[in-house]
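Peer 1: Have a look at the structure that comes next, please.
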Amino acid sequence: MLSAQTVAEHASQDNCWIIIHGQVYDITSFIPEHPGGSKIILKYAGKDATEAYEPIHPPNTIKDNLTPDKHLGPVDPSTVTKVVKVLSEAEKQRQVLLENRPPLDEILNLHDFEAVAKVVLPPTAWAYYSSASDDEITIRENRAAFQRVWFRPRILVNVSTIDYSSTILGQRSSLPVYISATALGKLGHPDGELNLTRAAGKHGVIQMIPTLASCSFDEIVDAAQPNQPLFLQLYVNRDREITKTIRVKALFITVDAPQLGRREKDMRMKFVGSDGTAKVQDGMSGVKKDEGVARAISSFIDPSLCWDDIPWFQTITNMAIILKGVSTPEDAILALESGCQGIVLSNHGGRQLDTSRSGLENLIDIVAALKTRGPWPNPKFSVFVDGGVRRGSDVLKALALGATAVGVGRGFLYAFCSYGEAGVEKAFKILGDELEMNMRLLGARNLKEIKPEMVDASGLRSHAGLTPTDNLYQSTYQPLRLAEFKGS
Ligand code: 173
């Protein structure tokens, strides 16, 4: 077994070993390729890098990027001295804020979690999670769209008992909501995605495991209750063989991200040091400036994925196949005709094609098109919506317009970043309470009684007057000057 002292002897650019999770790796040849730049790796040359590595790398990143001969075996734990991390002033302040966050009792809605997360998250985590592409118009439209749909409540219905439980892809769910995949949970909380798994297991909610979870697939499955259903998000890997090894109930294939969108909040973090001040730009560090956390780890995504590949997926799995990221009736019909079991109307939380429409708006055309091609609702074809869902009333609007269920990503992510598993449980409770009250006020006792007539979506297509402020443009634009008068 290697001793930590031996590892420490390999601490230079042309001879560099590091320790991650008790294993020693020779990363010398990988240094120039490291998407985060060479400087950051060299900081850990000859040392244990686990703590810095873990939150921003999915579990097998190092193994997948090095040939087996670079894996030098375990380090003798008795030789490793724990490095005491020196906290920056900004980090100390953040930890004080985290300790002093409002008690969970004071959280009244899902927006509150986001407000707390914004304060308590490390800046890189907040930037990665909250960022959306380009001018961030679609992310704002996702919220705005719900606000352009109005209720038409029915009165004098006996609403003493309300039941908002649902069945999603054949699985019982206590809410008409599932947890949508969001990557890199450990950036925001040491237990990462397990917070969601555990809370979901307790409350009968279904979690979609992200391809790029911080926790391994096995860790998540082990944290689940014996019969807890799980869905799986799939980014199709360039190496299709890897895809085969994964097994779950329903496969949500991401189809809106052949290349990741530019999330500029995330990208700019490369220019900020851990103390919040500007990083020295020496031009030599090898940092790819066009990549934030997300793009840096996205090179495995296969941009050649196309409709012709769907039959192949159908041969390797009996799971339901759902296409995540459909926006048009044309593609919805193709998905139906190619034998998929459903679609998610999603714009990837506004993180992909900016100024694409909201899933809620697309739902209208897509439901109309699907009605021409079979029974409606179609028990064999589910239509999910995600993006901007924060309230029980949002959920009801989507259901009224024909959605089978809705996905919530950031809403639950911010809940666990701020309060761990208890936060997620609270988020479920809030959504349940909001659903119950709104269904009572709407005159619907169960989800079947939520009808299209209960909403007025006539304004949904109108984007007039709702153009979001173009922040970047407005702060750089210089107004034209008027003609100058002599002597004035
Ligand atoms: O939205 C994302 O950030 C995302 O889907 C992703 C994809 C690849 C790597 C990391 C994140």
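The values are calculated or read from the model by the stated rules, or taken from the named source; none is laboratory data. The structure presented is a predicted model; accordingly, all values stated were derived computationally and were not measured. For neighbour counting, all protein chains shown are included, and Cβ atoms are generated from backbone atoms with ideal geometry for every residue, glycine included. Only protein heavy atoms, including side chains, enter the accessible area calculation; ligands, DNA and RNA are left aside. Shrake-Rupley method; radii C 1.70, N 1.55, O 1.52, S 1.80 Å.
Peer 1: Could you list, in sequence order, all residues of segment 201-241 that are polar (S, T, N, Q) and within 14 Å of the ligand (Cβ to nearest atom)? Explain how you work it out, then say what you get.
Peer 2: Our first condition is that a residue be polar (S, T, N, Q); within segment 201-241, this holds for 207, 211, 214, 216, 225, 227-228, 233, 237.
Across segment 201-241, the qualifying residues are 211, 214, 233, 237.
Peer 1: If you don't mind, another one. Which count do you get for residues in segment 400-442 that are surrounded by fewer than 18 Cβ atoms within 10 Å (Cβ to Cβ) and touching a Lys or Arg at 6+ places or on another chain (Cβ under 9 Å)? Walk me through how you get there before you give the answer.
Peer 2: Of all residues in segment 400-442, those surrounded by fewer than 18 Cβ atoms within 10 Å (Cβ to Cβ) come to 422, 429, 433, 436-437, 440-441.
When the remaining residues are screened for being touching a Lys or Arg at 6+ places or on another chain (Cβ under 9 Å), the result is none.
Counting residues in segment 400-442 that are surrounded by fewer than 18 Cβ atoms within 10 Å (Cβ to Cβ) and touching a Lys or Arg at 6+ places or on another chain (Cβ under 9 Å) gives 0.
Peer 1: Of all residues being more than 13 Å from residue 77 (Cα to Cα) and among the polar types (S, T, N, Q) in segment 13-31, which is most open to solvent (accessible area, probe 1.4 Å)? Just the residue, please.
Peer 2: The first filter runs over segment 13-31 and keeps only residues more than 13 Å from residue 77 (Cα to Cα), leaving 13-18, 25-31.
Within this subset, residues satisfying the condition of being among the polar types (S, T, N, Q) are 13, 15, 28-29.
Values: 13: 107, 15: 61, 28: 36, 29: 69 Å².
Ranking the qualifying residues of segment 13-31, first place goes to 13.
One line per residue, one yes/no per condition, for (1) farther than 18 Å from residue 435 by Cβ; (2) open to solvent by 20 Å² or more (accessible area, probe 1.4 Å); (3) in contact (Cβ under 8 Å) with a residue 12 or more places away in the chain:
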{"site": "132", "(1), (2), (3)": "yes, no, yes"}
{"site": "168", "(1), (2), (3)": "no, no, yes"}
{"site": "171", "(1), (2), (3)": "yes, yes, yes"}
{"site": "186", "(1), (2), (3)": "yes, yes, yes"}
{"site": "205", "(1), (2), (3)": "no, no, yes"}
{"site": "214", "(1), (2), (3)": "yes, no, yes"}
{"site": "219", "(1), (2), (3)": "yes, yes, yes"}
{"site": "223", "(1), (2), (3)": "yes, yes, yes"}
{"site": "226", "(1), (2), (3)": "yes, yes, no"}
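Residue-by-condition table, conditions (1) within 26 Å of residue 299 (Cα to Cα); (2) buried (at least 16 other Cβ atoms within 10 Å of the Cβ); (3) of a type in the set (D, E, K, R):
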| position | (1), (2), (3) |
| --- | --- |
| 11 | no, no, no |
| 33 | yes, no, yes |
| 71 | yes, no, no |
| 77 | no, no, no |
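Peer 1: Conditions first: (1) buried (at least 24 other Cβ atoms within 10 Å of the Cβ); (2) among the aliphatic types (A, V, I, L, M); (3) in a strand (DSSP E or B). Residue 321 passes all but one, so which condition is the exception?
Peer 2: Of the numbered conditions (1) buried (at least 24 other Cβ atoms within 10 Å of the Cβ); (2) among the aliphatic types (A, V, I, L, M); (3) in a strand (DSSP E or B), the odd one out for residue 321 is (1).
Peer 1: Right, something else. Between a first residue in segment 461-475 that is of a type in the set (A, V, I, L, M) and a second residue that is at pLDDT 80 or above, which pairs have beta carbons less than 7 Å apart while being 6 or more apart in sequence or on different chains?
Peer 2: Within 7 Å, the pairs are 466/144; 472/135.
Peer 1: Before we move on, is residue 358 touching a strand residue (DSSP E or B) at 6+ places or on another chain (Cβ under 6 Å), of a type in the set (Ser, Thr, Tyr) and open to solvent by less than 20 Å² (accessible area, probe 1.4 Å)?
Peer 2: Working: touching a strand residue (DSSP E or B) at 6+ places or on another chain (Cβ under 6 Å): no; of a type in the set (Ser, Thr, Tyr): yes; open to solvent by less than 20 Å² (accessible area, probe 1.4 Å): yes.
Against the criterion (touching a strand residue (DSSP E or B) at 6+ places or on another chain (Cβ under 6 Å), of a type in the set (Ser, Thr, Tyr) and open to solvent by less than 20 Å² (accessible area, probe 1.4 Å)), residue 358 does not qualify.
Peer 1: May I pose another question? Given the condition within 16 Å of the ligand (Cβ to nearest atom) and touching an Asp or Glu at 6+ places or on another chain (Cβ under 9 Å), answer yes or no: does some residue in segment 355-377 qualify?
Peer 2: Residues of segment 355-377 within 16 Å of the ligand (Cβ to nearest atom): 356, 359.
Now narrow it down to the ones that are touching an Asp or Glu at 6+ places or on another chain (Cβ under 9 Å): 356, 359.
Checking segment 355-377: at least one residue is within 16 Å of the ligand (Cβ to nearest atom) and touching an Asp or Glu at 6+ places or on another chain (Cβ under 9 Å).
Peer 1: Any idea which of 61, 81 is over 30 Å from residue 209 (Cα atoms) and touching a residue at least 60 places away in the same chain (Cβ under 8 Å)?
Peer 2: Working: 61 fails: over 30 Å from residue 209 (Cα atoms).
None of the others qualify; the one that does is 81.
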